[in-house]
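Student: First, the structure itself, so that you have it in front of you.
The values are calculated or read from the model by the stated rules, or taken from the named source; none is laboratory data. Because the structure is predicted, anything quoted here is derived from the model rather than measured. We place every Cβ from the backbone using ideal geometry, glycine too, and count neighbours over all the protein chains shown. Please note that ligands, DNA and RNA were not included when accessible areas were found on the heavy atoms of the full protein model with its side chains. Shrake-Rupley method; radii C 1.70, N 1.55, O 1.52, S 1.80 Å.
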Amino acid sequence: MNVHEAIKERRSVRAYQDKPVPEKVLTKILEAARLAPSARNRQAWKLVVVREAQIRKKLVEAANNQQFVGEAPVVIAAVGLTPNDIMRCDIPTDPVDVAIILDHITLAAVEEGLGTCWIGSFFQDKVREVLGIPSSYKVVELMTLGYPADSPRPKSRKPLNEIVFYEKFI
Ligand SMILES: Cc1cc2nc3c(=O)[nH]c(=O)nc-3n(C[C@H](O)[C@H](O)[C@H](O)COP(=O)(O)O)c2cc1C
């Protein structure tokens with residue numbers, strides 16, 4: 001599978017088979033995250049990989065009761081270690097760095113026949129508490145990972161001419 005195929009195939013998966021992700025496959029996907037670029041190559045992030053059902057259940061509540069968070073065999077919490085770090089362009093660094101690693105994960109997962117879903121609807125303090133994350137760090141996103149139990153739907157996206165300007169912002 002080439003990158004473009006993986007990008008086309010990736011979609012949010014909100015129903016998962018009750019089937020574990022083999023250790024080797026999981027490690028391969030995490031390796032894709034490890035190789036991601038980061039501002040000044042700081043790599044100022046950690047991933048908490050949750051496989052235990054009891055902890056995933058607690059994450060359901062922390063994720064605003066999104067039930068599929070507990071059904072996915074793996075939930076990844078992506079933690080930014082420098083929430084106050086702002087780039088010269090006046091944009092926070094952690095969310096940008098973490099978005100890249102998570103996108104690597106989504107695409108590497110597609111190649112392995114796995115599905116993912118970004119989870120931004122969660123309570124920061126609750127997730128920190130469940131996973132024992134210090135209050136000086138911030139969970140940027142959660143991500144579910146597992147074998148899909150649903151079928152793809154057509155993608156709804158704006159056409160290119162609505163989102164791209166050439167030379168100047170119009
Ligand atoms: C930053 C971010 C946060 C998101 N949070 C959630 C979420 O909490 N729950 C959910 O079901 N989907 C969530 N999504 C998934 C989006 O709804 C989804 O990506 C979008 O509708 C496009 O659909 P697709 O991923 O199937 O292409 C999130 C996506 C992103 C990028």
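Student: Only residues that are touching a Ser or Thr at 6+ places or on another chain (Cβ under 9 Å), under 19 Å from P20 (Cβ atoms) and within 14 Å of the ligand (Cβ to nearest atom): list them for segment 48-93, please.
Tutor: Listed by number, the residues that qualify are F68, V69, E71, A72, V75, I76.
Student: Now, a different point. Just to be sure I understand, how many residues within segment 7-46 are more than 16 Å from the ligand (Cβ to nearest atom) and open to solvent by 40 Å² or more (accessible area, probe 1.4 Å)?
Tutor: Of the residues in segment 7-46, 19 are more than 16 Å from the ligand (Cβ to nearest atom) and open to solvent by 40 Å² or more (accessible area, probe 1.4 Å).
Student: Considering only segment 97-114, I want to know if a residue exists there that is at pLDDT 95 or above, open to solvent by less than 30 Å² (accessible area, probe 1.4 Å) and assigned to a strand (DSSP E or B).
Tutor: no
Student: Let me ask you something else. Collect the residues in segment 126-170 that are part of a helix (DSSP H, G or I) and surrounded by 11 or more Cβ atoms within 10 Å (Cβ to Cβ), keeping them in residue-number order. Don't jump to the end; show me each part of the working.
Tutor: So in segment 126-170, the residues part of a helix (DSSP H, G or I) come out as 126-131, 160-163.
K126, V127, R128, E129, V130, L131 - these are the residues of segment 126-170 that are part of a helix (DSSP H, G or I) and surrounded by 11 or more Cβ atoms within 10 Å (Cβ to Cβ).
Student: Go through segment 104-130 and give me each residue that's touching a residue at least 24 places away in the same chain (Cβ under 8 Å) and under 18 Å from A44 (Cα atoms).
Tutor: Of everything in segment 104-130, those that are touching a residue at least 24 places away in the same chain (Cβ under 8 Å) and under 18 Å from A44 (Cα atoms) turn out to be H104, I105.
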